[in-house]
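**Student:** Before we start, here is the structure in question, set down as structure tokens.
The values are calculated or read from the model by the stated rules, or taken from the named source; none is laboratory data. If you're wondering where the values come from, they're calculated on a predicted model, not measured in any experiment. Reconstructed Cβ throughout: ideal geometry from the backbone, glycine too, with neighbour counts over all protein chains shown.
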Amino acid sequence: MKINPLILGSCVLAVCLVSKAEDSAFRPIFNGKDLTGWYGLNPHSVVKLEGEKKAEALKKMRDEFAANWKVENGELVNDGHGPYATTEEEFGDIEFLIEYKTVAGADSGIYLRGSPQVQIWDKSQIFDPAKPTRRPHLGSGGLFNNTPDTPGRDPLVVADKPMGEWNSFRIRQIGARTWVWLNDKLVVDGNVMENYWDKTKPLPAKGPIMLQTHGGEIRWRNLQVREIGAEEAKKILAEADAKK
């Protein structure tokens with residue numbers, strides 16, 4: 001069957017226009033110049049605190065944020081210590097683009113709606129049978145704080161680039177369901193991200209994005225977010241459910 005080149009050209013143009021419209025909906029959440037819009041927080045250190053003690057701890061982390069985080073060559077850089085970089089803005093259903101580069105022995109991650117996490121590993125680390133649920137050799141991108149051996153907890157494929165190269169994440173969060181592409185390879189396919197803070201409840205409807213620091217330098221760049229509206233969210237979920 002021959003395809004009219006005019007029709008084919010129109011289809012290609014339509015796809016391009018949709019792609020461009022979607023791309024244009026992304027907006028930066030890091031300005032590449034300073035720490036505006038971000039503050040320091042390690043939620044694990046304050047979860048059991050209350051009242052004045054909690055307020056003091058939160059203030060201290062905000063005050064100390066710039067001691068461990070800086071902007072260099074348009075990159076958000078952490079020295080491996082200090083509180084996590086946390087967005088002042090809170091997000092609901094989103095698509096999130098981010099690139100990172102880290103060092104040997106890395107252990108980091110991205111918190112969504114303030115909950116851990118899309119995991120980042122050094123995939124060359126040797127699996128330790130004494131720690132059977134810690135599986136860096138399976139690669140980055142899995143929902144590490146989910147219950148071990150549940151769907152999405154470990155990535156579908158190893159997609160990490162060699163150490164020292166930039167990696168790119170595309171993360172989609174709709175409700176409690178998470179999709180993760182690492183270097184354009186699907187590693188989490190619409191699985192539920194458990195609420196680390198209370199596994200009897202779903203993820204909160206909104207929350208900050210947090211970049212974890214965990215003992216080694218990590219660099220982040222090209223942080224962009226696109227909000228997903230209710231109709232688009234419904235369509236994506238319906239299409240995902242139809243594939244099951």
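**Student:** Condition check: of a type in the set (Gly, Ala, Ser) and either modelled with pLDDT of 95 or more or under 23 Å from GLY229 (Cβ atoms) (or both). Does ALA66 satisfy that?
**Tutor:** For ALA66, the condition - of a type in the set (Gly, Ala, Ser) and either modelled with pLDDT of 95 or more or under 23 Å from GLY229 (Cβ atoms) (or both) - is met.
**Student:** For the stretch 204-214, state whether one or more residues are at pLDDT 95 or above, charged (D, E, K, R), loosely packed, with under 15 Cβ neighbours inside 10 Å and farther than 24 Å from ALA85 by Cβ.
**Tutor:** No, the stretch 204-214 contains no residue that is at pLDDT 95 or above, charged (D, E, K, R), loosely packed, with under 15 Cβ neighbours inside 10 Å and farther than 24 Å from ALA85 by Cβ.
**Student:** Right, here's the next one. Quick one: is THR178 surrounded by 21 or more Cβ atoms within 10 Å (Cβ to Cβ), of a type in the set (S, T, N, Q) and modelled with pLDDT under 95?
**Tutor:** No.
**Student:** Return the residues of the stretch 28-72 that are over 25 Å from TYR196 (Cβ atoms) and not in a strand (DSSP E or B); say none if nothing qualifies.
**Tutor:** ASN31, GLY32, LYS33, ASP34, LEU35, THR36, GLU52, ASP63, ALA66, ALA67, listed by residue number.
**Student:** Looking only at the stretch 200-217, decide whether some residue is in a strand (DSSP E or B) and among the hydrophobic types (A, V, I, L, M, F, W, C).
**Tutor:** Yes.
**Student:** Return the only residue of GLU99, GLU64, GLU90 being surrounded by fewer than 21 Cβ atoms within 10 Å (Cβ to Cβ) and under 13 Å from THR213 (Cβ atoms).
**Tutor:** One residue alone meets the criteria, GLU64.
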